[in-house]
């Protein structure tokens, strides 16, 4: 009996170790899904903020698409779009003009969440909707500026933070794609954000 226990114990330890590693892998942040937030947008006296993304070149010379999904602080998607980024290229998206300039509703969006997917560019071009989003491909990295309270109300301070890598799921992808598709159809031209050209400084 002791011999059986001694034989089984290492097997159980190995199985437990593999299970732990597997669980960690499933919950680990990936390289193609990132999150950020915006606040103080479309507010008199506040400067515009900027979301910058680059194609880090890990996909070789291929273009990648940065698919943007913009939510308000009521968890409602307000706009979506997908923008091409060449290898080692950079685009700078104005939060007020590009990401919030053509939202679905007439409400003024001041705060919310921005989700970014890094995908390969399909033959039909970048498209955030389910019909042509492409294959998830690591390589898009991003940073966003934020407005902080200054010493006086008239002097807000601007800081910059890297987008937060997060764990991606098939359910989340499906929700984003289908919600974007519905948004574009419902909006009849509204709900589509715009892509700023590369190498443009704000």
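The values are calculated or read from the model by the stated rules, or taken from the named source; none is laboratory data. Just so it is clear, the structure is predicted and the values come from calculations on it, not from any experiment. No Cβ is skipped: glycine too gets one built from the backbone with ideal geometry, and neighbour counts run over all protein chains shown.
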Worksheet item: under 17 Å from residue 34 (Cβ atoms), modelled with pLDDT of 95 or more and either in contact with a helix residue (DSSP H, G or I) (Cβ under 8 Å, 6 or more places away or on another chain) or buried (at least 19 other Cβ atoms within 10 Å of the Cβ) (or both), is that true of residue 142?
Response: yes
Worksheet item: Being outside any loop (DSSP other than H, G, I, E, B) and touching a helix residue (DSSP H, G or I) at 6+ places or on another chain (Cβ under 9 Å), is that true of even one residue in the range 44-54?
Response: yes
Worksheet item: Taking the range 161-184 on its own, how many of its residues are part of a strand (DSSP E or B) and either surrounded by 12 or more Cβ atoms within 10 Å (Cβ to Cβ) or touching a residue at least 60 places away in the same chain (Cβ under 8 Å) (or both)?
Response: 3
Worksheet, complete the sentence: When residue 20 is run through (1) modelled with pLDDT under 95; (2) touching a strand residue (DSSP E or B) at 6+ places or on another chain (Cβ under 6 Å); (3) surrounded by fewer than 16 Cβ atoms within 10 Å (Cβ to Cβ), the failure sits at (2)
Worksheet item: Can you spot a residue in the range 88-110 that is in contact with a helix residue (DSSP H, G or I) (Cβ under 7 Å, 6 or more places away or on another chain), within 22 Å of residue 182 (Cβ to Cβ) and not in a strand (DSSP E or B)?
Response: yes
Worksheet item: Exactly one of (1) farther than 21 Å from residue 156 by Cβ; (2) buried (at least 23 other Cβ atoms within 10 Å of the Cβ); (3) at pLDDT 95 or above is unmet by residue 103. Its number?
Response: (3)
Worksheet item: buried (at least 20 other Cβ atoms within 10 Å of the Cβ), assigned by TED's automatic domain parsing to the domain that holds residue 50 and in contact (Cβ under 8 Å) with a residue 40 or more places away in the chain - does that describe any residue in the range 149-159?
Response: no
